[in-house]
Each structure stands twice: as C-alpha cells, then as structure tokens.
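Structure first, commentary second.
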Amino acid sequence: MQNPLQLSLQTSLKQHFGFDHFRPGQESIVVDALAHRDLLAVMPTGGGKSLCFQLPALLMPGVMVVVSPLIALMQDQVRLLADNGIAATFLNSSLKAGEGGERMGALLRGEIKLLYLAPERLLSSEFLDGFLPRLAEAQGISAFTLDEAHCVSEWGHDFRPEYRQLSRLRERFPQVPVYAFTATATPRVRSDIIRQLALREPAVHVASFDRHNLYYAVKPKTSRTYGELLAQARAGGAGIVYCLSRKRVDELSQKLRADGIAALPYHAGLDAETRSQNQERYIRDDVSVMVATVAFGMGINKPDVRWVLHYDLPKSLEGYYQEAGRAGRDGEPARCTLYFGAGDIHTAEFLIAQKLDPVTSEPLLEEQRQARQQLRQVLDYAETSACRRQVQLAYFGETFVGPCGACDNCTTPRVTEDWTVPAQQLLSTVARLAKLNQRFGAGHIIDILRGAKTEKLIRQNHETISTYGLGKDRPVEDWRHLARVLKHEGLLGETQDGYPVLTLTAGSWQVLKGERRVELAAPPKAEKAPPRGRGN
Ligand code: ADP
Ligand code: ZN
C-alpha cells in the first residue's frame, strides 16, 4: 500500500516529468528534502540525481538556488527543465546586461522556481549581501542545492577551492536547508562534504553504485588493439575513447578519421572554443566518437553513449568507474572495455616517480604513496579473475556477490593456470635473503631467479643462492606479473626500505609449505614499453 504522500509524489512526478515510477532511491531523497532538512545524497552518474532536487523545488514554496560548477551543465539543465514546462533560469557572466536584470525581476516576482548559479557568482557580495536577501524577503529561498558537491573535497577527483566558501551560505542563511549531491562515493569524500559544508545532522542517502546495464571487460593491449577499437567504432553507437596523453588523443582521433570514423579529439591543450565545439558536435551526434583525456566528461549530459573504451590505464579505480560510467546513462545496455598492457604499468610508475616538489625537486612522498595505492587498486581490477563488478563495488564499500553475468570474467571465465611452483621459487628466494638479513625489491629477486649476472648481484654474491637461475625459462614479464598478483592476494608483502622491498606474509608461508595453491589467470601479453618522459 502506498501512503497519501507517496501517491501525491507519484502524481507530481508524472505531471511534471512524465515518469511513471521513481528510480531506486529517488523517492526517499525527495521525502527528506520536503522535510526541510539537510541532505547528502550520493548516487551514481545516470542514477537520476537532478530529479531529487527539482521535484522538491516545485513542491516547496520559494525559489531553490542550485549551485553547479559548470556553465554548460547549467544551461543544459535549464533547457531540459524548460522542455518540461518548468520555470528555471540561470544567471552567469555570459548574459547580456538587460537579460540578467530581467531574470532577477522574474525571480523577485515569483515566476521562477529554480535558479542555477556558479559558486563564484553566488559568493559575490552583490549576491550574498544584495540579491539573495531581497529574494529571500520577496519569495523565500526553499533550499540551497549543491550539485557535484565532491568539489569541496581535496580527496575527490575534482577539487575546486571556491566550493569551500559555500559554507558561508550556512552562516548567512541559517534557516535554509542545504542539499549536497554527488556521484563520488568514497567514505572519505562523504565525510569531508559534511564537514566542509557544515551540514546539520544531514539525512544521508547512498544509492547502490551498481550500474546493471554496463558490461565490463578488460583486454590485453596488443598490436590488435587498434583493430578492435575500429571494429567497436564501426559497430555503431556513440563512444568515448579515453587516453592518458594529449598526444595519443590527437594521433588516435586522426587515425580513426583516416579510417572513415567520425571522431573528434578533446583535451585541455585545445583552445576553449574548439573544445566546446567538439563537445557540442558530439552531443548533437554530428560525430560518433570522442577521443579524449579525462578532461572530457564531467557534466556532459549525453545519455546514449553506447561504449567507453580505455586505451590507457586509468589513474584510479574511482576515476575508471566515473569515466566508464558515462556509458549507458539512459539505462540501455552499454559496454566498457579497459585495455591493459605491461607497458602501462611502467608508464604509470614513471609518472608517479615524477611527482616532485616544483621548488625543491624533492619527491612528494605522500602524493606518490597515494598514487601508488590507487595504481595498485586499478591493477587489482585489471588482473582479477573474479567478477569485475564485485571488485569495483567493493572499492566503494558495497558488498556485491558475483557472478554478475555482465562482465568478461563472469561470462567467459578466464583460463587459470597453476603457478604454485614458480610462486614457491619466488617466495623462497625472498626467504633465503631474509635469512641473510637482506631485503630487496622485485627487480633484484627476479634477476636472481633468472640467473642474471648484474654487477649488484655479483657484488652481493647472490649467485650462490639456491634458487639462482631456476626461473630462467620464464620471461621477466611473467615474473613481474606473478609478483604483482601475489602482492594483491596478500601472499607477498612489500614495505619501504628507502625503496620498496619484498617481505613474507603469513600467506607466503602457506604457499611455501604447500598448504595453498596459486592459480593465475593468463598474464596480459607483454607490450613494448612506450618511450618514457611523455606525460599528459
Ligand atoms: P545524474 O545527474 O544522476 O547523472 P540525471 O539526473 O541526469 O542523472 O538523470 C539521468 C537520466 O535519467 C535522465 O535522462 C533523466 O531524465 C532520467 N530519469 C531520472 N529519473 C527518472 C525516472 N524516475 N524515470 C525515468 N527516467 C528518469
Ligand atoms: Zn561479473
């Protein structure tokens, strides 16, 4: 049975937006918003956040002020609302002189329910001390909605210092509730939002981050990768190709065009006009493929993206989730493919090692540590033979029990091989060195296994270690892959000793004693490492 409030909400939903049902999570957010209390709502991209504040805005007296970081995003939302016959407007610097005044007049007369503003504008004294108090007096302000609220947090992926200042709204208008919305789900960002915005006992809603219509796959990066990309592009549907560097974006978009695909580039190195033109043409379906760096995406409202392909390894799993999540916002099936080669790891490690203090050139240790941790989570995802969805959602603190039926590992389980013997060889090398009170990084351990004759090895007299040369038939890449997987699974430890060194864990001993087997999915095929020193 539905109670009267639910029934009337559903009627309003139909009346204003034409939808028959709420999506999961929407209704309870709307109910809390209508109760006039602070709110933090975390919902995945495409989950339908906008409606959660737009509907309350229509049902509450007064004007709702919506803060949004991007002008394009505001214009988009106002246009969509206008299509539904909802009185909304935005004020920004792109307006001609008279136009702004006219809109303010309409607001003061109560003709408009939603006002979109960029944070800088809202925080200007012209607004904070001038227009807003007048508006509050004339019509009342129903709530402040802060869209993309993760921008207040340095732990998010899109920190904007001006967002911090938004806590001044609370001081200036203590009676008006604040609604914070974001698609960033990490608990740290969540608590940061509450603190930075001084939310008062907020109702916290965290929707599931499972995007059930997305199919996830990871493929090895090989000489065939471009051909696979081309086939994907030719199969039709709008797509996004994410690359790490601007150079790669330019090269790849040219190459696709030469092969008859309507593709455009997008990265921060293009001038603002080209960027907005390219984006506009993509949204209008003039072109079907956008080749881009991560600069492309936030606030791009294109619901029918059918595939997102990562040509390079993303920097974090959170980033990957957001970027891949730009596919299928309309709820229809879409495909997310990550290409991954051993060369990507070298590039990522190289870029991390380059994080230096601009003044002293000292390494930024804390940043490097964080970046390494993020890289490791990405590798966990890429190299897992478990359900990809399960690994992603676990990262957001959500328990999802696979198989999901919509990822490569669930639909075509990867062939696993028994790697117990090489694992024992590697671990016993670490154990033998430990007996000598010595600790080394993976590189040196692998040199021992492969019977290398490096100067360091000879100097240390490590040719006498009994595992010396036992693994010379396996390529270095296989050994590196094994070491990484052992680390991910907690069967091998790594600590800092000026540089990372391998150590044994309780799990290592289980493997060494033959109590535990090591199964490995076939490693990604080795790719020639790209030339170094080419960053974003
Ligand atoms: P978000 O801001 O969370 O990424 P949007 O608010 O842009 O997502 O919504 C994504 C899409 O879902 C939009 O096209 C929107 O019209 C649609 N949508 C939202 N709520 C519903 C609903 N209850 N029923 C059907 N479609 C909905
Ligand atoms: Zn799965």
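Structural remarks
- The residue that is farthest from ligand 2 (Cβ to nearest atom), counting only those in the stretch 45-96 that are more than 29 Å from the chain's Cα centre (by Cα) and among the polar types (S, T, N, Q), is Ser93.
- Selection within the stretch 435-463 - surrounded by 14 or more Cβ atoms within 10 Å (Cβ to Cβ), in a helix (DSSP H, G or I) and not acidic (Asp, Glu): Ala442, Gly443, His444, Ile445, Ile446, Ile448, Leu449, Leu457, His462
- Within the stretch 406-429, if we keep just the residues that are more than 26 Å from Glu332 (Cα to Cα) and aliphatic (A, V, I, L, M), the residue that is surrounded by the fewest Cβ atoms within 10 Å (Cβ to Cβ) turns out to be Val415.
- Options Ala434, Ala382; residue that is farther than 28 Å from Tyr215 by Cβ and in contact (Cβ under 8 Å) with a residue 40 or more places away in the chain: Ala434
Residue-wise test of (1) within 16 Å of ligand 2 (Cβ to nearest atom); (2) under 30 Å from Ala342 (Cα atoms); (3) out of contact with any Gly (no Cβ under 9 Å at 6 or more places or on another chain).
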site	(1), (2), (3)
Asn278	no, no, yes
Ile283	no, no, yes
Val291	no, yes, yes
Lys302	no, no, yes
His310	no, yes, yes
Tyr320	yes, yes, yes
Ala324	yes, yes, yes
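- Residue count for the stretch 394-432 satisfying the condition of being under 19 Å from the mean Cα position of the chain (by Cα) and near ligand 2 (Cβ under 10 Å from one of its atoms): 2.
- Taken over the stretch 109-120, residues that are closer than 17 Å to Ala57 by Cβ and surrounded by 15 or more Cβ atoms within 10 Å (Cβ to Cβ) amount to 7.
- Some residue of the stretch 214-221 being within 16 Å of ligand 2 (Cβ to nearest atom), among the aromatic types (Phe, Trp, Tyr), within 30 Å of Asp259 (Cβ to Cβ) and in contact with a Leu (Cβ under 9 Å, 6 or more places away or on another chain): yes
- Lone unmet requirement of (1) buried (at least 21 other Cβ atoms within 10 Å of the Cβ); (2) within 30 Å of Gly397 (Cα to Cα) for Pro333: (1)
- Counting only strands (runs of 3 or more DSSP E) that sit completely within the stretch 1-91, those holding 1 or more residues that are modelled with pLDDT of 95 or more, more than 15 Å from ligand 1 (Cβ to nearest atom) and closer than 27 Å to Tyr163 by Cα correspond to 63-67, 88-91.
- Selection within the stretch 336-347 - more than 19 Å from Ile240 (Cα to Cα) and either crowded, with 24+ Cβ neighbours inside 10 Å or touching an Asp or Glu at 6+ places or on another chain (Cβ under 9 Å) (or both): Gly341, Ala342, Gly343, Asp344, Thr347
- Scope the stretch 322-350; condition under 11 Å from Asp304 (Cβ atoms), in contact with a Pro (Cβ under 9 Å, 6 or more places away or on another chain) and of a type outside the set (D, E, K, R); matching residues: Gly328, Gly331
- Boolean, Gln368 is more than 11 Å from ligand 2 (Cβ to nearest atom) and of a type outside the set (Val, Ile, Thr): yes
- Scanning the stretch 383-433 for residues that are touching an Asp or Glu at 6+ places or on another chain (Cβ under 9 Å), more than 30 Å from Glu463 (Cα to Cα) and more than 16 Å from ligand 1 (Cβ to nearest atom) yields Ser385, Arg388, Arg389, Val391, Gln392, Leu393, Tyr395, Glu398, Phe400, Cys404, Arg414, Thr416.
The values are calculated or read from the model by the stated rules, or taken from the named source; none is laboratory data. The structure displayed is predicted, hence computed values, not measured ones. Methodologically, a virtual Cβ is constructed for each residue, glycine included, from the backbone with ideal geometry; neighbour enumeration extends over all protein chains shown.
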